[in-house]
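Remarks on the structure that follows.
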Amino acid sequence: MHDHRLKDILPFVASVECGSFTAAAERLHVTGSAVSKSVSRLETRLGSRLLERTTRSLNLTDAGSAYYQTCLRVLEDLAEAEAVLAAQRTIPSGRLRLAVPTTYGRLNVMPLLMPFCQQNPELALSLSLSDRFVDLFEEGVDVAVRIGGAPDLPASLGWRNMGREKMQFCASPAYLTREGRPENESALLNHPAILYERVDGTTKPWLFTTEDGQPHWRDVSYRLALGDVDAQLQAVIAGLGVAQMPSWLIQRAVAAGELEIILPALQPDGLTLSVVWPRRKQFLPKVDALLSALSVLAIR
């Protein structure tokens, strides 16, 4: 039975991708009857119908669709295992999937990927820029950069802590000249705030630290609430108000003189930056090379 488990997967996957037993047979260099019998044997063993047959086409059932995705992951794992043995950790090659937060990825990860791609011409890099939580196993991601998230990751994931952001209050020099520089927390709260608006319509509160060092989130009224951090940053640079933003986001604007830090003593710790990956993929040449390239990431 164990011999047939893998043997029957290939005809099933080929049938789905080719759309017919005949076309699948041509791909696999066997007869159409052999493909049909293999799929039927698979369905019998699983006790579930995987394909609906008509005279013109094959269509996946719900069970078949779920099983097909599982088969793809199994075949990909086998291909990667063979790649490890064949390459002997020398030449990174094949498809590589990386997921990063949108703005942090654009500002800090993309500059690292340009030389990385030039140095590894055998790689086909697929980059996802998204602020949603990415499940590495469900989505077939090789490496992910995360801001925030629980530290108690499953044993199946490897991870590297790259630092913790600071949440800094800032405003443009022109705004501070016009409206004055707040000298304490109470004065700061009297200035018009530019906040980040979440998808559900709520705004992100400001983070302070209590006297005993505990984080304290405080809702504030706002002049502008924007659902994009780049737009929020541009509004602050334009002098429309004050904002609290992560250190990595504003450091270039501060260095360029477009923004100034307000109340530098009020810089509570924000979220952590980490790089995570499936442990079983860690020794693939392509994953090892990418982890090395990302090792210089830091959050400031």
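The values are calculated or read from the model by the stated rules, or taken from the named source; none is laboratory data. This is a predicted model, so every value here is computed, not measured. As a convention, Cβ positions derive from the backbone with ideal geometry for all residues, glycine included, and neighbour counts pool all protein chains shown. Quick note on the areas: whole protein, heavy atoms, side chains included, nothing else; ligands and nucleic acids left out. Shrake-Rupley method; radii C 1.70, N 1.55, O 1.52, S 1.80 Å.
Before moving on, here are some points about what is shown:
- In region 264-288, the residues that are buried (at least 18 other Cβ atoms within 10 Å of the Cβ) and assigned to a loop (DSSP other than H, G, I, E, B): Leu266, Pro268, Leu284
- Any hit, region 149-169, residues being in contact (Cβ under 8 Å) with a residue 24 or more places away in the chain, over 18 Å from Leu273 (Cβ atoms) and surrounded by 17 or more Cβ atoms within 10 Å (Cβ to Cβ): yes
- Strands (runs of 3 or more DSSP E) (entirely within region 140-238) containing at least 3 residues that are out of contact with any Ser or Thr (no Cβ under 7 Å at 6 or more places or on another chain) and of a type outside the set (D, E, K, R): 143-147, 157-171, 206-209
- The number of residues in region 219-248 that are open to solvent by less than 10 Å² (accessible area, probe 1.4 Å) and farther than 19 Å from His191 by Cβ comes to 1.
- Here Asp142 passes the criteria (1) in contact with a strand residue (DSSP E or B) (Cβ under 7 Å, 6 or more places away or on another chain); (2) open to solvent by 50 Å² or more (accessible area, probe 1.4 Å); (3) among the acidic types (Asp, Glu) except the one numbered (2).
- Qualifying residues in region 107-139 (those that are assigned to a loop (DSSP other than H, G, I, E, B) and of a type in the set (Phe, Trp, Tyr)) - the one farthest from Leu78 (Cα to Cα): Phe133
- Against the test of being of a type in the set (A, V, I, L, M), assigned to a helix (DSSP H, G or I), at pLDDT below 90 and open to solvent by 40 Å² or more (accessible area, probe 1.4 Å), the options Ala79, Ala66 yield a single qualifying residue, Ala79.
- Scanning region 170-189 for residues that are under 18 Å from Ala256 (Cβ atoms) and either touching a residue at least 12 places away in the same chain (Cβ under 8 Å) or crowded, with 19+ Cβ neighbours inside 10 Å (or both) yields Cys170, Ala171, Ser172, Pro173, Ala174, Tyr175, Leu176.
- Residue pairs meeting the criteria (Cβ under 7 Å; at least 6 apart or on separate chains; first within 12 Å of Leu188 (Cβ to Cβ) and touching a residue at least 24 places away in the same chain (Cβ under 8 Å), in region 251-265; second open to solvent by 50 Å² or more (accessible area, probe 1.4 Å) and assigned to a strand (DSSP E or B)): none
- Residues in region 190-218 that are of a type in the set (Val, Ile, Thr) and surrounded by 10 or more Cβ atoms within 10 Å (Cβ to Cβ): Ile194, Thr202, Thr203, Thr209.
- Flag if Val254 is open to solvent by less than 70 Å² (accessible area, probe 1.4 Å), outside any strand (DSSP E or B), of a type outside the set (Ser, Thr, Tyr) and modelled with pLDDT under 95: no
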